Amino acid sequence: MLDEFIHIPRIAYFSMEIALNSEIPTYSGGLGVLAGDTLRSASDLELPMVAVTLVSRHGYFLQQIDEAGNQHEQADTWDPAQWAKPLTAKVALNIEGQKVWVAGWLYTLEGHMNGRQPVILLDTDLAENRPEDREITHTLYGGDDTNRLKQEMVLGIGGIRLLRAIGFEIRQYHMNEGHSALLALELLRQHAYPQEELRSGESPYDLLHTRELCCFTTHTPVESGHDRFDYSLVHSLMRTTVDEATLKQLAGEDRLNMTQLALNLSEYVNGVAKRHAEVSRSMFPGYRVHAITNGVHPLTWTCASFRKLYDSRLPGWCHEPELLVRADCCLADADVWDAHQQAKGKLIDMVNKRCSVQLDTELPVLGFARRMTAYKRPDLLFADIERLKALAGRWPLQIVLAGKAHPQDEGGKRLIRILHEHMRELAGTLTVAFIPGYDMEIARTMVAGVDVWLNTPLRPLEASGTSGMKAAFNGVPNLSVLDGWWIEGCIEGITGWAVGNSGDTDNNRDVESLYSKLEHHVLPLYYEDRPGWITVMKGAVSKNAAYFNSHRMMRRYATEAYIR
Ligand SMILES: *Cc1c(COP(=O)(O)O)cnc(C)c1O
């Protein structure tokens, strides 16, 4: 079963979450979708990788929203046996002085061009484990700090040991975010020189060797996105590791900081957009932080009607998305509009079925969907309800929203309630729909079916953002705050429109800019100059989809991070 994969050395890609397909709920949002797109492109490009993640049998969570706009969470249970094959190897970890066995499932990710990548799903739900240890890998980002550290031990330490037990030869380790940084610590421990070979006082650890094996991608400037654990917890859970002085030197004096650990043990470090790399350099002075701007997987994020159009006019676009630069000249306006109207029809069917509203195909739809959390400012569009009503009176429009809040993010849950209040206030003037249960499938339908994709984060906290890139593959222009990828992707009036200025952090100025762009640029163009509108749609494809794709991203990781 593994022979196909273990005959050549591979890049091991560690990620707490990976969106393998829309029926496997082992992801929460952008980080997991990016991990999935990374592997999908690696498959298409036949880059030898092996991914390691947690099985998360209970998924992240299923979202339900009641009348009042309260989010309710339920387990999103899936059966790994339906999708993956159990591996025979098992490895043991010592957690809190107890032996915890870790097994794995092999999921084979199939590219659309014959490439295949192995994905190992780590699982502690085994008969030989104590009942509480069987639950460690159940819920993605579930539980408290203790459970999180246990999960990160299973991912980092368990993952390394299992890869070795199975017989993989690994040429390079890639930590997708700091959650897996314990893998580097385990490498350091495994490669330590025996005491008898050392002069007195000499460190047994081969720091350089470990660093050469590791690369690290940091994904957010948001503080809570960087795990820190109290050393009291670390000592009670993790007894066998490197010595205390070395640990503190690498991971921080006060608390174990997973980002710092990853930074210190990786030769190559990168942020996920140019601005994010700059912000990361100022957050982590003294480290060299490169920039590899994210991208999305062409085939996965292009709707059926645009796939068909690209196949006929720009054959090969799926393997070489650079070909989409020709979209401006090679696609007929009528075909682009027709492909879009088909995608829009599918979105409207979905919304009308799932939400109790009736959207109108003739009116423009604004889309906003992403994790519901404070810095993403999902309520910015509703900051001045009277102005929004007046705007909708002059230029009718419709809004479709979606997004989950982390179960422990009270601010995010409050935002979902606020959005539902606005929906009620606006009823009769402007149709607003909130689709519950945001996932890959809803994302695919939304990014293709809306007319404008909106993103209004608080600068500089959006590291990259990827949903706007998905929109570009479907000829949907962005209207967004200049942060993350959009600083690189926005050409005013050509690929979409900017909200505010790139250095600004003033809420009110962003609100003003958002309404004014809608009122004076976006909506008039939609209603009064259809050919001009279609030119912007094509600009999104030719200038953004051609560049912000995960094939380009993986070619860069291969030549800059993996081969050094
Ligand atoms: C693409 C995607 C995201 C990330 O969206 P951002 O705009 O980068 O926040 C989150 N969730 C799902 C389901 C996605 O498909």
* Would you mind finding the one in ALA19, ALA92, ALA51 that is surrounded by fewer than 16 Cβ atoms within 10 Å (Cβ to Cβ) and either at negative phi or outside the structural domain of ALA369 (by TED's automatic domain parsing) (or both)? => ALA92
* Hey, SER180 surrounded by 17 or more Cβ atoms within 10 Å (Cβ to Cβ) and in contact (Cβ under 8 Å) with a residue 12 or more places away in the chain or not -> yes
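Sort out for me the helices (runs of 4 or more DSSP H) sitting completely within the range 232-296 that have 3 or more residues that are of a type in the set (Gly, Ala, Ser).
On the way: elements: 244-251, 258-264, 274-283.
Ranges flagged: 274-283.
Name the single residue, out of those in the range 237-263 being polar (S, T, N, Q) and under 24 Å from the mean Cα position of the chain (by Cα), that is least open to solvent (accessible area, probe 1.4 Å).
So in the range 237-263, the residues polar (S, T, N, Q) come out as 240-241, 246, 249, 257, 259-260.
Next cut, under 24 Å from the mean Cα position of the chain (by Cα) only: 257, 259-260.
On the way: ASN257: 22, THR259: 5, GLN260: 61 Å².
It comes out as THR259.
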* Asked: Here is a list of conditions, (1) open to solvent by 10 Å² or more (accessible area, probe 1.4 Å); (2) within 16 Å of the ligand (Cβ to nearest atom); (3) over 29 Å from GLU23 (Cα atoms), and GLU425 meets all of them except one; can you say which number that is?
  -> (2)
* Asked: Of the residues that make up the range 391-402, is at least one buried (at least 22 other Cβ atoms within 10 Å of the Cβ), under 19 Å from the mean Cα position of the chain (by Cα) and more than 12 Å from the ligand (Cβ to nearest atom)?
  -> yes
* Structure fact -> GLY411 passes all but one of the listed conditions (1) more than 28 Å from CYS303 (Cβ to Cβ); (2) in contact (Cβ under 8 Å) with a residue 40 or more places away in the chain; (3) open to solvent by less than 40 Å² (accessible area, probe 1.4 Å); the exception is number (2)
* Asked: Consider ALA343 against the criteria (1) within 16 Å of the ligand (Cβ to nearest atom); (2) assigned to a helix (DSSP H, G or I); (3) in contact with a Leu (Cβ under 9 Å, 6 or more places away or on another chain): it satisfies all of them except one. Which criterion is unmet?
  -> (3)
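Taking the residues in the range 363-390 that are in a loop (DSSP other than H, G, I, E, B) and in contact with a Pro (Cβ under 9 Å, 6 or more places away or on another chain) as candidates, determine which candidate is farthest from the ligand (Cβ to nearest atom). Spell out how you get there, then give the answer.
First, pick out the residues of the range 363-390 that are in a loop (DSSP other than H, G, I, E, B): 363-364, 370-373, 377-379, 383-384.
Next, only the ones that are in contact with a Pro (Cβ under 9 Å, 6 or more places away or on another chain) stay: 363-364, 370, 372, 377.
On the way: LEU363: 24, PRO364: 20, ARG370: 3, MET372: 10, ARG377: 12 Å.
Per the stated criteria, the residue is LEU363.
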* To do: Out of the residues in the range 22-41 that are open to solvent by 20 Å² or more (accessible area, probe 1.4 Å) and of a type in the set (S, T, N, Q), state the one that is modelled with the lowest pLDDT.
  => SER22
* For the range 31-76, how many residues meet the condition of being more than 16 Å from the chain's Cα centre (by Cα), within 21 Å of GLY225 (Cβ to Cβ) and not in a strand (DSSP E or B)? -> 2
* **MET440, sole failed condition from (1) within 11 Å of the ligand (Cβ to nearest atom); (2) more than 17 Å from the chain's Cα centre (by Cα)** => (2)
* Asked: Could you say which residue among GLN63, GLN98 is among the polar types (S, T, N, Q) and over 18 Å from GLY143 (Cβ atoms)?
  -> GLN63
* To do: Kindly indicate whether LEU523 is open to solvent by less than 40 Å² (accessible area, probe 1.4 Å) and either in the same structural domain as LYS389 (by TED's automatic domain parsing) or assigned to a helix (DSSP H, G or I) (or both).
  => yes
* Asked: Which condition number in (1) touching a residue at least 60 places away in the same chain (Cβ under 8 Å); (2) open to solvent by 80 Å² or more (accessible area, probe 1.4 Å) is the one that PRO221 fails?
  -> (2)
* Of all residues in the range 1-16 being part of a helix (DSSP H, G or I) and in contact (Cβ under 8 Å) with a residue 60 or more places away in the chain, which is least open to solvent (accessible area, probe 1.4 Å)? -> PHE5
* **Filter result (within 15 Å of ASP439 (Cα to Cα) and open to solvent by 50 Å² or more (accessible area, probe 1.4 Å)) within the range 59-78** => LEU62, GLN64, GLU73, GLN74, ALA75, THR77
* Which numbered condition VAL447 fails, given (1) buried (at least 24 other Cβ atoms within 10 Å of the Cβ); (2) within 11 Å of the ligand (Cβ to nearest atom); (3) farther than 18 Å from ILE399 by Cα -> (3)
* Which condition number does ILE348 fail, the rest of (1) open to solvent by 30 Å² or more (accessible area, probe 1.4 Å); (2) in a helix (DSSP H, G or I) being met? -> (1)
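The values are calculated or read from the model by the stated rules, or taken from the named source; none is laboratory data. Remember, it's a predicted structure, so these values are computed and weren't measured experimentally. Positions of Cβ are backbone-derived with ideal geometry, glycine not excepted, and every protein chain shown enters the neighbour counts. When the accessible area is computed, the model is the full protein with side chains, heavy atoms only, and any ligands, DNA or RNA have been set aside. Shrake-Rupley method; radii C 1.70, N 1.55, O 1.52, S 1.80 Å.
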